[in-house]
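Structure first, commentary second.
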Amino acid sequence: MTTVSVFNVVKRFGETLAVDNLSFDVQPGEIFGLLGPNGAGKTTCIRMILDIFTPDSGEISMMGGRMSDEKKNRIGYLPEERGLYQDIPLERCLTFLASLKGMPEKTSNPLLTQYLERFDLHEVRDKKVKELSKGMQQKAQLISTLVHDPDLIIIDEPFTSLDPVNTAMVKEILEQKREEGKAIIMSTHQMNQVEELCDRILLIDHGHRVLYGTLREIQSKFASRDILVTPLTPLPKVIEGVSSVRELNGRHYLTLEEHAEPNQVLKYLINQGTEIAAFEIAVPPLNEIFIQVVRKQSRGQHG
């Protein structure tokens, strides 16, 4: 059963068209990247999924039907604007937030203890939230998002304020939740995290869909005929079928001549005795695709 289905959804705020005829779905056991520039309509979309906003038209199906209070308790939401109570001890704050998801203390307390230990927060559990660092508060917010074992996890900029060690731990947890069959919607501007984690992505701009599919499908649309080579021995000074070569951190970017083919270049290098560790079609990083598509959309809006 599809966890979230959004079909032809439209949402306006006065004269502003925030979401424009948007359709997509999110499946169990996947991390779904919801991407877009600031003001693209991502937050509005998330709030409609959560039943905070009502679409002007179109339909949203949650776990096979309409949203209900029972289904809301099966959702974990990490908003970009954090919502911890600052003047109470951390553990009490998390216990209260878990109770809002229908968890009695006898159920939540052992789970919270496990999460506090895993996130290295157990020793500060009696400190007021406002006394904790931004990174600690971010980890606490993540605990409140996950402690009730939701079937749908929606996380907005989950890696904010986290150091590399804690970032790796959060990624490990998200991958674990995916393996457990949870559906995860992740909104972030950190394209490297999207490339590492997301099974599929949706890029929206000015409220409508501009890219949708797996990372491989999207990158293949923007792939060139040029190639990246990691040689173990020096490349020939002249390579048949190649117009230019530039080095990028030990890898060489080969720009092909108009009628040359990658396999012909590979054959030539091998015949020349070049030892090669890696040979691949050059695929642009997601960050580059994001910028290219958004700039094109912007020119279209103004032109």
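Which cross-chain or sequence-distant (5 or more) residues have an amide H under 5 Å from the amide H of ALA18, H modelled 1.01 Å from N in plane?
So ALA18 has HN proximity to LYS11, ARG12, PHE13.
Using a cut-off of 13 Å between beta-carbons, work out the net charge of the residues near ILE60 (Lys and Arg +1, Asp and Glu -1, ILE60 not included).
Summing Lys and Arg as +1 and Asp and Glu as -1 gives 0.
Wrap a convex hull around the Cα atoms of segment 4-219, take a quarter of its surface area, and give that in square nanometres.
For segment 4-219, the mean projected area of the Cα convex hull comes to 12.0 nm².
Note down the magnitude of the dipole of segment 98-232 about its Cα centre, charges +1 on Lys and Arg C-beta and -1 on Asp and Glu C-beta and zero elsewhere, to the nearest 20 debye.
260 debye
Once the other residues with Cβ under 9 Å from the Cβ of GLN137 are scored (Lys, Arg +1; Asp, Glu -1), what is the net sum?
Here the charged neighbours net out to +4.
Using the Kirkwood formula on the Cα atoms of segment 160-303, what hydrodynamic radius do you get, in angstrom to one decimal?
18.2 Å
Find, to one decimal place in angstroms, the Kirkwood hydrodynamic radius of segment 179-247, where the mean of 1/r is taken over every pair of different Cα atoms and then inverted.
15.8 Å
Antiparallel as a % of all DSSP beta bridges within the chain, to the nearest 5?
Antiparallel bridges make up about 65 percent of those DSSP assigns within the chain.
Can you list residues from other chains, or at least 5 along the same chain, whose modelled amide H is less than 5 Å from the amide H of ILE185?
So ILE185 has HN proximity to PHE32, ILE153, ILE154, ILE155.
In whole Hz, with x marking every Gly and Pro, tabulate ³J(HN,Hα) for segment 284-290 from phi via Karplus 6.51 cos²θ - 1.76 cosθ + 1.60, θ = phi - 60°.
Per residue, the Karplus-derived 3J(HN,Hα) values read x, x, 4, 4, 5, 4, 3 Hz.
Of all the Cα-Cα pairs you can form in segment 207-249, what percent are over 18 Å apart?
Distances greater than 18 Å cover 50 percent of the Cα pairs.
In units of 2.2 N^0.38 Å, what is the alpha-carbon radius of gyration of segment 131-203?
1.07
Among the lysines, which have Cα under 24 Å from the Cα of LYS296 when same-chain residues fewer than 8 positions away are ignored?
Of all the lysines, those that pass the test against LYS296 - Cα under 24 Å, at least 8 places apart if same chain - are LYS11, LYS42, LYS221.
So, with +1 on the Cβ of K and R and -1 on the Cβ of D and E, and no other charges, what is the size of the charge dipole of segment 4-219 about its Cα centre, to the nearest 20 debye?
Computed about the Cα centre, the dipole is about 380 debye.
I'd like the FRET efficiency for ILE270 and ALA223, computed as 1/(1 + (r/R0)^6) with the beta carbon distance as r and R0 of 22 Å, rounded to 0.05.
With R0 = 22 Å, the Cβ-Cβ based efficiency is 0.45.
How large is Rg/Rh for segment 100-228, to two decimals, with Cα atoms and a Kirkwood Rh?
1.05
When N counts the residues of segment 1-124, how does its alpha-carbon radius of gyration compare numerically with 2.2 N^0.38 Å, as a ratio?
Normalised by 2.2 N^0.38 Å, the Cα Rg of segment 1-124 equals 1.27.
Against the globular-protein guess of 2.2 N^0.38 Å, express the Cα radius of gyration of segment 144-183 as a ratio, rounded to two decimals.
The value comes to 1.16.
At most 16 other C-beta atoms within 10 Å and a DSSP loop state: those are the exposed GluC sites (Glu not before Pro) I care about. Give me the longest piece of the chain that has none.
Counting only loop sites that pass the neighbour cut-off, the longest clear stretch is 82-179.
Select from ALA278, ALA260, GLY250 the residue farthest towards the positive end of the dipole of segment 224-281; place +1 on Cβ of Lys and Arg, -1 on Cβ of Asp and Glu, and compute about the Cα centre.
Of the candidates, GLY250 comes out farthest on the positive side.
Expressed as a whole number of Å, what is the distance separating the alpha-carbon centroids of segment 83-116 and segment 273-289?
When both Cα centres are located, 47 Å separates them.
Expressed as cubic angstrom per residue, what is the convex hull volume of the alpha carbon set of segment 224-281?
Cα-based convex hull of segment 224-281, divided per residue, equals 72 Å³.
Could you tally the net charge around GLY76, taking each other residue with its Cβ under 14 Å from the Cβ of GLY76, Lys/Arg +1 and Asp/Glu -1?
Every neighbour counted, the sum reads +3.
Bear in mind these aren't lab numbers, they're just calculated from the coordinates by the rules spelled out. Only a predicted model underlies this, so the values are computations on that prediction, with no experimental measurement involved. All Cβ positions, glycine included, derive from the backbone under ideal geometry; neighbour counts span all protein chains shown.
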